Each structure stands twice: as C-alpha cells, then as structure tokens.
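Colleague: Would you mind keeping the following structure in view while I ask a few things?
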Amino acid sequence: MLNQREILIIEDNPADVRLMQEALRELDPPVSIHLAGDGDEALQFLRREGRFAAAPTPNLIFLDFNLPKANSRELLRQIKLDPRLRLIPLAVLTTSSSEKDVRDAYQGYANCYLNKAPDLDGFFRVIRSAAHFWLDVASVPLDIGP
C-alpha cells in the first residue's frame with residue numbers, strides 16, 4: 001500500500017489557497033492538503049502542538065514568502081534549524097523575482113524558489129510540477145519529521 005502523501009500549504013491569501021488546492025486535486029496518486037494561514041500556525045502544525053497533536057508530517061511544504069502577519073524568512077529559518085523538520089522539502093512560493101529574495105530563500109536553505117505565475121495555467125503548472133518533482137521524482141529520507 002502506498003504511504004499517504006501530505007502537503008502543508010503556508011499561505012495567508014484565500015484565493016491562492018483555493019488555486020493551489022485546485023492544482024493539487026489532479027495529482028495521482030492523490031495528496032492530503034493541510035493549511036496554515038501564518039507562521040505560528042505552521043510551527044504548531046509541524047511540531048504537533050495543541051490542536052495539531054495528531055498532525056501528519058508533510059512530505060512537502062509550500063511557503064508563501066510574503067506572509068504579512070509573520071516573517072516568512074524567520075519561519076524558514078526556524079523550520080530548517082529544527083533537526084526534526086529540516087529534511088522536509090520546502091518550496092518557497094512568491095510573486096517576487098527579486099534577486100535578494102531568491103538569495104534569502106536559498107541562504108535560508110529553501111529547497112526551491114518558485115514564482116507564482118500571473119496566469120492560471122502557468123500557476124497550476126508550477127504547483128503541479130513542484131509537487132510531482134518532490135513527491136514522485138526526488139528521493140528524500142523516509143524518516144523525516146518528528
């Protein structure tokens with residue numbers, strides 16, 4: 001039997017969340033999608049705290065790099081410094097193509113930096129391609145997470 005495939009989306013924009021869910025709905029085998037609207041909620045989920053005590057370890061994290069309520073760079077740093085979380089592939093997702101932002105993401109040990117395409121087909125293609133790569137193509141340790 002195939003292990004459950006879990007994706008955590010850390011995104012504050014409800015429209016982008018809906019688009020990502022729609023893009024990921026087509027994946028085969030299917031994935032379970034979990035949502036965190038800010039950095040605090042994401043860390044609680046990843047650390048299995050409070051209402052997230054039974055949360056699964058995601059196989060992939062999509063992180064919006066421009067969360068207004070929390071510093072996405074600090075969240076990235078906290079995830080990648082935590083020995084229980086650092087091996088989870090993390091894709092930064094943003095509208096910015098700034099060289100500084102790209103550098104900040106990779107210096108924070110993001111696994112990839114993805115631009116949110118301005119058109120729907122492009123957006124879906126980016127999300128599906130990243131999910132396919134990290135879930136179906138790349139080899140990652142089986143014992144990632146807490």
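Colleague: Please list the equivalent ellipsoid semi-axes of the chain, computed as the square roots of five times the alpha-carbon gyration tensor eigenvalues, in descending order and whole angstrom. Let's see the in-between values first.
Modeller: Working: eigenvalues 82, 73, 46 Å².
Those come to 20, 19, 15 Å.
Colleague: For L35, list long-range residues whose amide hydrogen, built 1.01 Å from N in the peptide plane, is under 5 Å from its own amide hydrogen.
Modeller: I9
Colleague: List the trypsin sites (Lys or Arg not before Pro) within segment 54-125 that fall in a DSSP loop (any state other than H, G, I, E or B) and whose Cβ has at most 11 other Cβ atoms within 10 Å.
Modeller: Values: sites: K69, R73, R77, K80, R84, R86, K100, R103, K116, R125; in loops: K69, R84, R86, K116.
Here the trypsin sites (Lys or Arg not before Pro) that fit, given the DSSP loop and packing criteria, are K69.
Colleague: Any chance you could run the full-extension gain for Q44 through R25? It's 0.36 nm times the residue separation minus the Cα-Cα distance, nm to one decimal.
Modeller: 4.3 nm
Colleague: Something else about it: Ignoring ligands, DNA and RNA, what accessible area per residue does the chain give at 1.4 Å, in Å²?
Modeller: Working: 7830 Å² over 146 residues.
In whole numbers, the chain has 54 Å² accessible per residue.
Colleague: May I pose another question? Counting each DSSP H run of 4 or more residues in the chain as -39500 (n - 2.57), what helix-only mean residue ellipticity at 222 nm follows after dividing by all residues, to the nearest 500 deg cm²/dmol?
Modeller: Working: 5 runs with 53 residues, N = 146.
Roughly -11000 deg cm²/dmol at 222 nm, from the helical runs in the chain.
Colleague: Let me ask something additional. Could you check the simple spin-label distance between V140 and R128, using points 7 Å along Cα→Cβ, in nm with one decimal?
Modeller: Between V140 and R128, the simple spin-label model gives 2.1 nm.
Colleague: Tell me, what HN-Hα J-couplings in whole Hz come from the Karplus equation 6.51 cos²θ - 1.76 cosθ + 1.60 at θ = phi - 60° for each residue of segment 117-126, using x for Gly and Pro?
Modeller: The phi angles translate into 5, x, 9, 4, 4, x, 4, 4, 4, 4 Hz.
Colleague: Another question, then. Can you compute log10 of I(q)/I(0) for segment 95-137 with the Debye formula, treating each Cα as one identical point scatterer, at q = 0.27 Å⁻¹?
Modeller: -0.96
Colleague: Taking only the alpha carbons of segment 1-63, what extent do you get along each of the three principal axes, in Å, biggest first?
Modeller: That works out to 32, 31, 15 Å along the principal axes.
Colleague: In segment 11-146, what percent of the accessible surface is made up of carbon and sulfur (1.4 Å probe, ligands and nucleic acids excluded)?
Modeller: On the way: 3680 of 7210 Å².
Here it works out to 51 percent.
Colleague: What dipole magnitude, in Debye to the nearest 20, does segment 43-143 give about its Cα centre under +1 on Lys/Arg Cβ and -1 on Asp/Glu Cβ? Mind showing how you got there, number by number?
Modeller: Working: 14 positive and 11 negative charges, 62 e Å.
Once rounded to the nearest 20, the dipole reads 300 debye.
Colleague: Let me ask something else about it. Taking amide H positions as placed in the peptide plane 1.01 Å from N, state which residues far from L114 in sequence (5 or more) or on other chains have amide H under 5 Å from it.
Modeller: Amide H to amide H, under 5 Å and 5 or more residues apart or across chains, L114 pairs with V92, L93, T94.
The values are calculated or read from the model by the stated rules, or taken from the named source; none is laboratory data. What you see is a predicted model; the values in this text were computed from it and never measured. Every residue, glycine as well, gets a Cβ built from its backbone with ideal geometry; the counts of neighbours run over all protein chains shown. When the accessible area is computed, the model is the full protein with side chains, heavy atoms only, and any ligands, DNA or RNA have been set aside. Shrake-Rupley method; radii C 1.70, N 1.55, O 1.52, S 1.80 Å.
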